Amino acid sequence: MKKPRITIHLWTERFLGTAEKAVTFLSMIKTLDGGHWVPEKWGQFEPIKNAFLSDSEKRLICDWTEERQGRVSNSMYFTKKKPGLFLGVTSWRGRVPDLNYVWFEMEAGEFANPEGVERLKRIVTDFIVWSGAAYATAHHSGQRHYRSAPGNPTKRLDQLNWLTYLGAPYLRLLGEERVHGCSFYSCEPIADGLLLTAAERPDSPTMSGSTDLLLSLEQCLGADVFPTEDYPETPCRVPNFDLRETVNSVTVH
């Protein structure tokens, strides 16, 4: 049986595929949570088998920034067995603009102690600041509320989770006063947005035993930013993202 896990997603208007972003990512991941999550292996494709060593960083940065026919479309993966970590960074710059993306799973048991929630929030905050995230979310694998719909935040928000970060595009769309008026457990200013949690812990009974709290918070924020049974025929309300960093208009012959 797979161990309980925390899943974290971040989307950004910023282009992540530069050498500077690779270098700062490597610095961050080595010190993240006191160095607790230093990867053991990395790669662009599964199986992920390259040892995460200092003498492999030049090759890693080269793969991170690789350009093909005037387009960057790279996914970099990082893994660790104990404690369990699987992390991916997707960089995109092409003729069609799109959000860049970070996704990872962490072993949930590592956050079970009294300090665990604050540690987890600091990890998410580090990635928000590093990526310039417009939106981020985190949830425990035991969370009952689950909804899946095709597309990324340029099309919809799939669901509200235990932790949500609303960056500037969402505060403009929803209104900061409206967000503050919803009954989140916590609301903290981070970068140019708000870091919200719905309950004391990601494995709280209100998260694992019922969908009611998250559904009520979705209604408070604005149900029209989340998909209904009629999606995609009935579209969701989305922000005006600034994707200029992620588009390459150069024509390749």
Tell me whether region 66-77 contains one or more residues that are touching a residue at least 40 places away in the same chain (Cβ under 8 Å) and of a type in the set (Phe, Trp, Tyr). no
Checking Ser27 against (1) free of Cβ contacts under 8 Å to residues at least 12 places away in the same chain; (2) assigned to a strand (DSSP E or B), the condition it does not meet: (2)
Listed by first then second residue, the pairs whose first member lies in region 217-239 and is surrounded by 14 or more Cβ atoms within 10 Å (Cβ to Cβ), whose partner is small (Gly, Ala, Ser) and not in a helix (DSSP H, G or I), with beta carbons under 8 Å and at least 6 positions apart or on separate chains, are Leu217/Ser183; Leu217/Ala198; Cys220/Gly181; Cys220/Ser183; Pro227/Ala149; Tyr231/Ala149; Pro239/Ala134
Within region 148-185, considering residues that are surrounded by 15 or more Cβ atoms within 10 Å (Cβ to Cβ) and charged (D, E, K, R), the one nearest to Leu214 (Cα to Cα): Asp158
Give me the pairs: first residue in region 34-46 and farther than 8 Å from Lys80 by Cβ, second residue exposed (fewer than 10 other Cβ atoms within 10 Å of the Cβ), beta-carbon distance under 7 Å, and six or more apart or on different chains, which are they? none
Residue hits (region 129-186; polar (S, T, N, Q), without any contact (Cβ under 8 Å) to a residue 12 or more places away in the chain and farther than 19 Å from Glu200 by Cβ) are Ser148
Quick test of your reading of the structure: Phe111 fulfils all but one of (1) without any contact (Cβ under 8 Å) to a residue 12 or more places away in the chain; (2) closer than 27 Å to Ser204 by Cα; (3) among the hydrophobic types (A, V, I, L, M, F, W, C). Name the failing condition by number. (1)
Filter pass, Ala191 being over 30 Å from Gly94 (Cα atoms), in contact with a helix residue (DSSP H, G or I) (Cβ under 6 Å, 6 or more places away or on another chain) and either surrounded by fewer than 19 Cβ atoms within 10 Å (Cβ to Cβ) or without any contact (Cβ under 8 Å) to a residue 60 or more places away in the chain (or both): no
Quick one: is Asp33 farther than 22 Å from Glu110 by Cα and acidic (Asp, Glu)? no
Got at least one residue in region 204-219 being out of contact with any strand residue (DSSP E or B) (no Cβ under 8 Å at 6 or more places or on another chain) and within 30 Å of Thr18 (Cβ to Cβ)? no
Of the numbered conditions (1) surrounded by fewer than 24 Cβ atoms within 10 Å (Cβ to Cβ); (2) part of a loop (DSSP other than H, G, I, E, B), Trp130 satisfies every one except a single condition; which is it? (2)
If I ask for residues that are of a type in the set (A, V, I, L, M, F, W, C) and out of contact with any Phe, Trp or Tyr (no Cβ under 7 Å at 6 or more places or on another chain), which ones from region 7-28 would you list? Phe15, Leu16, Ala19, Val23, Leu26
So Val247 passes all but one of these: (1) β-branched (Val, Ile, Thr); (2) within 21 Å of Phe111 (Cβ to Cβ); (3) in contact with a Lys or Arg (Cβ under 9 Å, 6 or more places away or on another chain). Which condition number does it fail? (2)
Residue by residue through region 1-41, note down the ones that are closer than 19 Å to His139 by Cα, among the charged types (D, E, K, R) and either at pLDDT 95 or above or touching a helix residue (DSSP H, G or I) at 6+ places or on another chain (Cβ under 7 Å) (or both). Lys3, Arg5, Asp33
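The values are calculated or read from the model by the stated rules, or taken from the named source; none is laboratory data. Every value quoted in this text rests on a predicted model; they were computed, and no experiment measured them. Cβ sites come from the backbone with ideal geometry, for glycine too, and all protein chains shown count toward neighbours.
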